[in-house]
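Below you'll find the structure, written out as structure tokens, and then a few comments.
The values are calculated or read from the model by the stated rules, or taken from the named source; none is laboratory data. From a predicted model like this one, the values you see are computed outputs, not experimental measurements. Glycine gets a Cβ as well: all are built from the backbone with ideal geometry, and neighbour counts include every protein chain shown. Keep in mind that these areas ignore ligands, DNA and RNA; they rest on the heavy atoms of the full protein, side chains included. Shrake-Rupley method; radii C 1.70, N 1.55, O 1.52, S 1.80 Å.
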Amino acid sequence: MLASALAAPAVARAFGDASRFIPAVAQHAGTWDTRASGLRRLAWELQRRTSVESILEARAVPLESPKLFELPFVYLSSDRELPAFTPPQLENLRRYLTFGGFVFADANDGSNGNGFDQSFRKLMSEVLPQVQPRPLPATHVVFKTFFLLDTAPGRYLTSAQLDAWTIGKRAAVIYSQNDVMGALARDESGTFEYEVTPGGERQREYATRLAINIAMYSLCLDYKDDGVHILEIMRRRR
Amino acid sequence: MDSTAIDTWKLVSLSALPVWALWGLGAALLIAAVLACLGVAREPIPSRRWALWGLRILAAICALFFLIEPGLRRVSVARVKNRIAVLIDRSASMNFPTSVGGKSRSATVAEAVNALAPQMEALKDRFSFELMGFDSELSPVTSKQLELDPARGGKTDLLASLRSLKASEGTSARKLSGVLVFSDGADNAELTQGVSGRARQVLQDYGVPVSTVAVGEGGLKDLAIDGIKVDDFAFVRNSITAEVEIRARGFSGQATQAVLKRDGRVVATTPLKFGSDDDLQVAKFTFAPDQTGRFVYTVSVPVFQDEAVTENNSRAFTLKVIRDRVRVLLVAGRPTWDERFLRGLLKQDANVELISFYILRNSPDDPGVSQDELSLIPFPRDEIFREKVNTFDLLAILNFNNDDPSIALEMYEDSIKQYLLNGGALAYVGGDRTFGDARRPRSPTCSR
């Protein structure tokens, strides 16, 4: 009785993690988990710099699992060519994207026309055969969801642009060939795992901002395109 | 038919032969008669000779009779009087006084018509005078009606009246010989710009002399709201423009203003300056009604001294203000998937006008960059909750942290309370920032 009386009352929280930002990573048959630390860093940066509450651990989810639909943000990557996806995976991913899910795809190998790049584009042609990828223009809202950006770097600068597969007005898949999470990844000692080329630490900072913007886009979509923001953003971009 | 008929008789030929044939045959008969008479000239006995001449001439005359078939035609001639139409302007402007403080223009015309009555009576065997009033139509009128009945016509269309008059000619007994027009000249149809162009051509082709008598002095001063053009309804909080035609007579160089009011409260004003003694200005009032319902708006111009008519210095119109779309304010304490869904749901509804704000950064958050590198804007609390709160149909406040003084809404409690009392709706949705600790939230109006 004394022990229970002495015990400090715990704060009861009725709200679970569902409303928080959870950096989910898609499990597939290839190397899918090379950037877990980058995702942890993204969640931490998101929580530190913005009002978003995050889960600070990446959560793996099989692509064919119904649990995919509980995770509105999914990171899909590999450091090599993607394996062929099974029909249930393709179907699940298609439904996920159609019903509002968001995928951030990231070429960890910085490939262009081969490796992850080639295989991912082929994958998307099977998942969303009627949607063509389009480069996101500099005016797209993803470049102003939190930070004002005019570049889309990662660990590399393989491509200056982001590509997107858009359903309606919503970019359901945003794809970077520049290994964005590679710029955020740290090893166990806390040191950044990879060098960022060619821009060094300044490029790493911009890659971090881009990752935050992409996460914000998944949460807010085109909120920053509302008229109330336009004048102020235009003034700052001058 | 006002005529006296006279019968006359006339000798005519009933023969069906053409005139030239008759002349030819007549000439032939004459030659035959002459030759016949010459043939008898050798008759020795004079009495017999004369008798034969007489018989031959009689035969020629009878032949001529049978040839030309003479007859008598009875012609009845009726004398028709000249028809003079006296047209009297019956438009509302004829109620104006002829001079300041004087009798109305209609009454003045009635006096003139009465004064002309003896002369018309003296000419009645040759002329018939028809008194008709005109505004947009013709109708018979008497001088008594001119004195007693106020003119009510909304339009003066002289050319249309003249056309109607011409069309009523019908048979020759109704043929028009002349028109006498009494008017103040304020035509607002085809002659608005004067007798020129097509109007001049119409009058030239009329074929009947038209004489005019101008009624009223030219120096009258009057400022009048001539007309208002505005839609029957407007959408709340959407701009609408009312165009008001203001006519100024005798106000050359005068500056003034037109005022639009609702319930005695000024809604808009427009400055006016008149350039001539007969000037028409169009004042435009653009305003956005802020409430739904049916409202009476009044447009007015000042009443100046010596104005002939003061009742026309203001005019009212009714405007029905209806809801356009439901206007929703969505304020989220932080971005979450729930708010994303709700915002998307509201945004795709065509009946909803959504204004949304996410608090993307709280005081403790450190973006690590200068403000210029952020797309963030200050949360316009004052503007929304003090000035514009009543423009929303619904306030939806989601997971809002009132402990943060930089965004707290407590200072707007009175404004929100009044908004609710005025019929506004509030949806206050909790979350980990509001109800997460299971404590009573410090939220607007909740403690009330």
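Applying the Karplus relation 6.51 cos²θ - 1.76 cosθ + 1.60 with θ = phi - 60° to the stretch B:330-336 yields 3J(HN,Hα) values of 10, 10, 10, x, 6, x, 9 Hz, where x marks Gly and Pro. Applying 1/(1 + (r/R0)^6) with r as the Cβ-Cβ distance of A:Thr151 and B:Asn238 and R0 = 51 angstrom yields a FRET efficiency of 0.80. Over the protein assembly as shown, accessible surface divided per residue gives 52 Å², non-protein components excluded, 1.4 Å probe. Check each residue of the stretch B:315-334 and keep those whose accessible area, probe 1.4 Å, is at least 30 Å² smaller with all protein chains in place than in the chain alone; give them in order of residue number. When all protein chains are present, B:Arg334 each give up 30 Å² or more of accessible surface. For the stretch A:105-152, the alpha carbon convex hull comes to 103 Å³ per residue, rounded to a whole number. Rounded to the nearest 10 degrees, the angle from helix B:158-167 to the longest Cα principal axis of chain B is 40 degrees.
Of all lysines in the structure, the ones whose alpha carbon falls short of 30 Å from that of B:Lys221, not counting any fewer than 8 places away in one chain, are B:Lys103, B:Lys144, B:Lys155, B:Lys229, B:Lys261, B:Lys273, B:Lys284.
Length gained on full extension, B:Val34 to B:Ser177: 45.8 nm, using 0.36 nm per residue less the C-alpha separation. Taken across both chains, chains A and B shield about 3300 Å² of accessible surface from a 1.4 Å probe. Across all directions, the shadow cast by the convex hull of chain B built on its C-alpha atoms averages 44.6 square nanometres.
Taking a point 7 Å from the Cα of A:Glu188 along the Cα-to-Cβ direction, the residues of the stretch A:57-73 with backbone N closer than 19 Å to it are A:57-58. Taking the convex hull of the alpha carbon positions in the stretch B:30-123 and averaging its projected area over all directions gives 13.9 nm².
Computed from the C-beta positions of A:Asp226 and B:Asp403, the FRET efficiency with R₀ = 25 Å rounds to 0.40. Accessible surface of the protein assembly as shown, 1.4 Å probe: 55 percent of it comes from carbon and sulfur atoms. Distance from the C-alpha centroid of the stretch B:70-106 to that of the stretch A:77-97: 97 Å, rounded to the whole angstrom. The Rg/Rh ratio of the stretch B:335-407, with both radii computed over alpha carbons and Rh defined as the Kirkwood radius, is 0.98. Projected label points at B:Lys229 and B:Met411, each 7 Å from Cα along the beta carbon direction, are separated by 4.8 nanometres.
Kirkwood hydrodynamic radius of chain A, from the reciprocal of the average inverse Cα-Cα distance over all distinct pairs: 18.5 Å. Computed across the stretch A:132-238, the Kirkwood radius stands at 14.4 Å (inverse of mean 1/r, all Cα pairs).
A simple spin-label model places the labels of A:Ser125 and B:Leu203 8.3 nm from each other, with each point 7 Å out along Cα-to-Cβ. Between the amide H of B:Phe127 and those of B:Asn82, distances stay under 5 Å, these residues lying 5 or more places away or on another chain, with hydrogens modeled in the peptide plane.
Using the Cβ-Cβ distance between B:Asp149 and A:Ile167 with R0 set to 60 Å, the FRET efficiency works out to roughly 0.20.
The alpha-carbon positions of the protein assembly as shown define a convex hull whose volume is 363 Å³ per residue.
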